[in-house]
Amino acid sequence: MSEPLLSVRDLHVTYGAEGKAGVPAVRGVSFDVAAGETLGLAGESGCGKSTIAGALLKVLPPKTEIRGEILFDGEDVLQMKPGRLRAVRWTEMSIVFQGALHALNPVQRVGNQIGEAIDIHDPRAPTKARVAELLEVVGLPARRGGDYPHQLSGGQRQRVLIALALACSPRLLIADEPTTALDVMVQAQVLRLLEDLQRDLGLAMIFITHDLSTLSYVCKRTAVMYAGRIVEEGEAEEVFASPAHPYTAALAAAFPLIGDHSHRLNPSGLGGDPPDPRAIPSGCPFHPRCSVAVADCPNAAVELWPAGDGRRAACVHVLNGSRP
Amino acid sequence: MSDVLLETRNLHVRFPARHGEVAQAVDGVDLSVRRGEVLALVGESGCGKTTLARTILGLERPAEGEVRFEDEPISYDARYLRPYRGKVQMVFQDPMGSLNPRQTIYEVVAEGLRIQKRPGDEAVRVADALAQAGLRPPERFFQLYPYELSGGQRQRVVIAGAMVLQPALLVADEPVSSLDASVRGEILALMLRLVHEQGVTILVVTHDLGLAWNIADRIAVMYLGRIVEEGPTEELLSNPLHPYTRALLSVVPEVEEMEQQILQGEAPDPTRIPSGCRFHPRCPLVASGEAERLGIADRCASEDVALSEVRPGHTAACHAA
């Protein structure tokens, strides 16, 4: 197998670390993304998935401590000089942010906003033609480039943001909850667009969401995060269809299968709340909410253990050879 | 006592829009909510579902038609509305936005009792409502502020604040869409428990057909101000009759057997309701030529279509059904 495009090794991110004890948002995460591959990162708010997105592009608040390695094409993003980092952002890796509806400048025409990104990175590029081309790629008529954000609907603004992320032909696109604020039908449109772009442009993509069912549909592989760590990873469809980790099972059950009678008039949730990153439970951090926890769990040093066919899961039941 | 708790008859709600235009947010809705059921009102944003819910609560006045509660048309006289709002309570989408950040949890839940001037021991009622909503022991929450709770706990407080009045009807607008995945199921389970244990009736407004499968007895699908399909949940989701419902169902990622029918564009503009069937400009049957083959294409474009019973208890407003 060739070198992965992106290789994250033992990533730790701690917010507000200087001096006093910070908030550990990511606590030792490793994963690879090959060129043209799609990886899903799933988990609930506070699990650290958006922090990873920010760390990859090094766009986290000051005083945030980032440790580990983020190798993009073999080069460590964390060691890059500011000039090199600016060049890598957008031209190599770009991001479609969550809550995108507020990410556009309200007083600038959207075409100019896309054009600005192109000009900064490649002043000689034929900006106007490229903007028109990008708008067409994301399914908007080129004339919409003359509109201000408020003249566009939510789905159209999301398309503009995707065009913006594609402006400098990156090789890796990070999509952080790109469909969360959108309507069902528009969500489907945007997912279809991302799928087409990924295939046609050979983009590698990291798709971040709490919706496992969407990942099973968009991504080849999925990693599920809990309390700043990956707790399960494998083929996206497999992870959703037959979870090895009890947390994944709960997350999968949150999106019921229509037609599945075990979910009919029987919503299933997970008791308790996601852990506070400042007070992460000992042992397996999931144990206070876990329905299959055993006496050892509060002390067990869990790590990702093989769970068959390219799967790994951090659960003592997996280590003992029994799926929960 | 009739089986129907609340109904709307030929309900129209209009809003002034730009350039003297009028938005027909609700454009002729007949909907019945039966005692003890969970009815899901499903549609895209802009279809009028939230306006319909607000009109049911007496927050908007209909331009035509009426809302009837327990067989009587509701009145917009303050003397009527206050007790009415004790019987019909709303749970909003975003629990952080609907809780006063400077009120303690006790104050939040007690407020309704005070406004409604309900007699009895306030502290006991507040404690009962919190416990019922799964916040136990309730006394531990009395002096906390909303920011000290998790998203799921906040939504439980909102539900406790509604249930403390022992309403007959709970109108819940996207009650779980702002919550984390794992907490979602817990809140839905709580809503079902309230139906079974407290006998409350629930009208849940959502865009999520999976949620309807989880908790609803019946579904009404709304498109551009009208109900276009209605029926028992299992019947409607296994035999969707309206092409709009089929399209909505086909984009739920879990439903893989169906070929995706992604409708283009966004929910259309309620100031310009198309002639004929209001769905025809986006209808896959029309676009694919199927309507032409069925010989109904002209009617789709020119003739409005009302709900009619196609299968037992299952109505749809489509020329092809």
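Coordinate-derived values only; no laboratory data. Predicted model, so just to flag it, every value in this text is computed and none were measured. Cβ sites come from the backbone with ideal geometry, for glycine too, and all protein chains shown count toward neighbours.
For the residues A:Ala132, A:Ala117, A:Ala279, a GNM of chain A with alpha-carbon springs under 10 Å puts the largest fluctuation on A:Ala279. Loop-located chymotrypsin sites (Phe, Trp or Tyr not before Pro) in the range B:49-148 (DSSP state not H, G, I, E or B) with no more than 13 neighbouring Cβ atoms inside 10 Å: B:Tyr76. Cross-link reach is defined here as a Cα-Cα straight distance under 26 Å, omitting same-chain residues fewer than 8 places apart; for B:Lys49 the lysines meeting it are B:Lys87. Taking the centroid of alpha carbons for each part, the range B:39-68 and the range A:142-175 are 34 Å apart. Taking each DSSP H run with n ≥ 4 as -39500 (n - 2.57) and averaging over every residue of chain B yields -9500 deg cm²/dmol at 222 nm.
Cα extents for the range A:194-324 along the principal axes, largest to smallest and rounded to whole angstrom: 50, 35, 32.
Rounded to the nearest 500, the 222 nm mean residue ellipticity of chain A from helices alone is -8500 deg cm²/dmol, with -39,500 (n - 2.57) taken per DSSP H run of at least 4 residues. Based on C-alpha pairs under 8 angstrom that are at least 6 apart in sequence, chain A has a relative contact order of 19 percent. With a threshold of 25 Å on the Cα-Cα distance, the over-threshold entries among A:Lys49/A:Lys220; A:Lys49/A:Lys128; A:Lys81/A:Lys128 are A:Lys49/A:Lys128; A:Lys81/A:Lys128.
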